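Working notes, structure below.
Every number in this text was worked out from the coordinates using simple rules, so none of it is lab data. Being a predicted model, the structure only gives us computed values, none of them experimental.
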Amino acid sequence: MKCPFCGHSETQVVETRVSEDGDFIRRRRQCHSCEKRFTTYERPDVTFPAIVKKDGRRIEYERVKLRASMNLALRKRPVSTEQIDSAVERIEEKLLSLGVRELPSNRIGELVMRELKKLDKVAYVRFASVYRSFEDIDEFKTLVDEVRR
Ligand SMILES: [Zn+2]
């Protein structure tokens, strides 16, 4: 990496340290020419796709929101925090692995439903009924029948 002071192309890492919470690496480098020191930070490249809402608006992915909607569906259900955490992680891994810049909100909704279905059938039905905004009781019944099978 080039020296930011003199532009010399050879610099050396003199110290490497992992941040306290482990989410980045801090490196002290020294220029071979002017001998000045500078710091670089290395972080994982985690950019979630932007979420495209039904009305075309783009919003940023937020874990808090995802978690909140799952918590609502899982309210008073016998599912541990750890289980929800792992589900959120799997959803996020999937989001990152898609390698796309944008994703329609219904795709995320489907990922959430897939996880909820494995965690708790009641939560799944709750989430799906809100998410798919059923118009009548028959649609709801179809979903419940589907879960029963
Ligand atoms: Zn230099």
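With a ≥ b ≥ c taken as the square roots of the eigenvalues of the C-alpha gyration tensor of segment 54-99, please select rounded if a/c is under 1.5 and otherwise prolate if a/b is larger than b/c or oblate if it is not? Note, shape of segment 54-99 comes out oblate.
Largest GNM mean-square fluctuation among V18, V79, V64, using the chain with Cα springs under 10 Å: V18. Along each principal axis, taking the top coordinate minus the bottom one, the Cα set of the chain gives 76, 35, 21 Å in descending order. With both residues required to sit in the chain, DSSP beta bridges show an antiparallel share near 85%. Using a cutoff of 8 angstrom between alpha carbon atoms and counting only pairs six or more residues apart, the relative contact order for the chain works out to 16 percent.
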